[in-house]
Ligand code: SF4
Ligand code: SF4
């Protein structure tokens, strides 16, 4: 492993605590990923990235910053990467997926805040995540109450820009989101010092669309009865795509997809025939949150699709790049982004339609709807999700969990029982 | 009869239940003992106590279930308590369409069974509200046994405790004691809070019109059964062997396994 200590020091990180974090990660990676058999070879890229997750990409970002480029940290798939890329900025995801950061978050947030928020705040204030240190500016959004208020706290420590996400999906809301994007673009121009043009934005749209298409190719391979990749491996790919350079990400996903398509032709599956196929839906699974997938895939089932922001919602729907003016393109962006069926919208029937459609496309035998503890939005929506799925005759298991390991046994019992039920 | 036996061991959080059936499905042996500190030791002790001709029979199969199911080293297989309770209840109640309410030591389960197979289930969350554990802690606070508390509750009048969390409910109970509330009324409130919690959980699944059957450690307490009947507004069936439902189901899985 390269020596990144100097870099972390320069980033003002708390090296002592960070060492502790660095010690637990390899064990987790080993337990969750390396125990799998017959993994696609192309996973080597993501294995390398995760093994040095606080080294390789942060070092690249710092090099780019030295050239004058700005890094924007985001927390939600509503923030349009295209605008930032068009102004030669760099986007990095900033979601905390580890229990390690939760206590730090609880120092300033109520205990009954969702762990994603607590971990994100803890990662910043505890100075133990290089990405949270590197970002020049954070871009937040008004999706859930917890995040809105947490951004106020983060805003005291780091420059913060908030985008106002509509709560409904009427035509006027789509117009409003377009206005928000246009205003954000001005801010991005100001921060990066680069003027936007329709051509630049079109090119950025093309880049991000290519990344979406590449990710979709990987996901499409999971629709095959002969399943060429595990849920855990795909989840890792998706999680890291939030941090990676979009063009390299597309290239790597396409390389993986090539291998998966070949595997399907050769009849290479990662699970025995008849293994129950699970679609997972709910709140995002930020890196390194692999708990749910790991339990499912060591309980005799396999995850074939994630209807979540770390899943299909990240890459479904392309942006129309045919517009000629910035205004047209902002509208096209708004239309694409407003197709995201996050539970922060009311009403939100699109999510249920998506789950049912995806369950069929991916030939899922059952659905696991899992939300993070204290996420009211997704928790409340579970009831309508379960009712709709039952009406379709698709078995569903609703779960709630956080980042702690203490409920792993109870989760396993429920998941094993669900798999036994599917096996009949 | 081919002389094959199925041993089902249900290691619960408080009690370990064991049932042996023969290949005809007849119960030939059963055992109930506290789980104690170590599930592994308990499992080993159970094995030692099994009738030698069954323990040493190479055709005997062992299936473990319950939260300590992974701590039974000699088990041929582990099956979750949901599947085992369902299978056991189908047999005990002689029904193929039913709903099982299992109030266990650590958790409460509701299982919907149609055509003899599980179609839906729900288990309560991390906390012990609405479980046998809750009843035990509260009985302790009143310095009586759980069974005595249930008898007491029968004589009580309507009283409410609002907290579902065991820790908070305990302070409420202490408060009520301090205020001089009759113990019978407090007992009434405690049992009421358990059955109300079960009723709330039931709102999340489709019990429909099929019979409700009570299994688990509380099935001996006729007052709990009666209270469940009141809140659900219909009959709740139970049988004395209902606390062995999980072990019986496991024994059936054992006989079925190769
Ligand atoms: S779940 Fe909603 S709030 Fe969270 S990242 Fe997705 S769109 Fe944003
Ligand atoms: S999981 Fe729920 S509560 Fe947490 S950040 Fe996402 S929407 Fe907000």
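Only the coordinates and a few stated rules stand behind these numbers; no lab work does. Remember, predicted model here, so these are calculated numbers, not experimental data. Positions of Cβ are backbone-derived with ideal geometry, glycine not excepted, and every protein chain shown enters the neighbour counts.
Observations on the structure shown:
- Scanning the stretch A:390-424 for residues being at the interface with chain B (Cβ under 9 Å from one of its Cβ atoms) and surrounded by fewer than 14 Cβ atoms within 10 Å (Cβ to Cβ) gives a total of 3.
- Restricting A:158, A:165 to those that are within 16 Å of ligand 2 (Cβ to nearest atom), under 30 Å from residue A:373 (Cβ atoms) and more than 14 Å from every other protein chain (Cβ to nearest Cβ) reduces the list to A:165.
- Filtering the stretch A:183-206 for residues that are assigned to a helix (DSSP H, G or I), touching a residue at least 24 places away in the same chain (Cβ under 8 Å) and within 26 Å of residue A:367 (Cβ to Cβ) leaves an empty set.
- Residues of the stretch A:366-380 that turn out to be near ligand 2 (Cβ under 7 Å from one of its atoms) and within 12 Å of chain B (Cβ to nearest Cβ), as a count: 0
- Qualifying residue in the stretch A:121-132 (condition: within 14 Å of ligand 1 (Cβ to nearest atom), out of contact with any strand residue (DSSP E or B) (no Cβ under 7 Å at 6 or more places or on another chain) and either within 14 Å of another protein chain (Cβ to nearest Cβ) or within 21 Å of residue A:377 (Cα to Cα) (or both)): no
- Residues that are more than 14 Å from chain B (Cβ to nearest Cβ) and away from ligand 1 (no atom under 16 Å from the Cβ), drawn from the stretch A:277-295: A:277, A:278, A:279, A:288, A:290, A:291, A:293, A:294
- Note on the stretch B:39-67: among residues that are touching a helix residue (DSSP H, G or I) at 6+ places or on another chain (Cβ under 8 Å) and in a loop (DSSP other than H, G, I, E, B), the one that is nearest to the other protein chains (Cβ to nearest Cβ) is B:67.
- Among (1) in a loop (DSSP other than H, G, I, E, B); (2) touching a residue at least 12 places away in the same chain (Cβ under 8 Å) - the single one residue A:110 does not satisfy: (2)
- Neighbours by Cβ (under 6 Å, 6+ apart or cross-chain): first from the stretch A:359-372, under 10 Å from residue A:282 (Cβ atoms); second within 16 Å of ligand 2 (Cβ to nearest atom) and part of a strand (DSSP E or B): A:368/A:280; A:369/A:281; A:369/A:282; A:369/A:398; A:370/A:282; A:370/A:399; A:371/A:282; A:371/A:400
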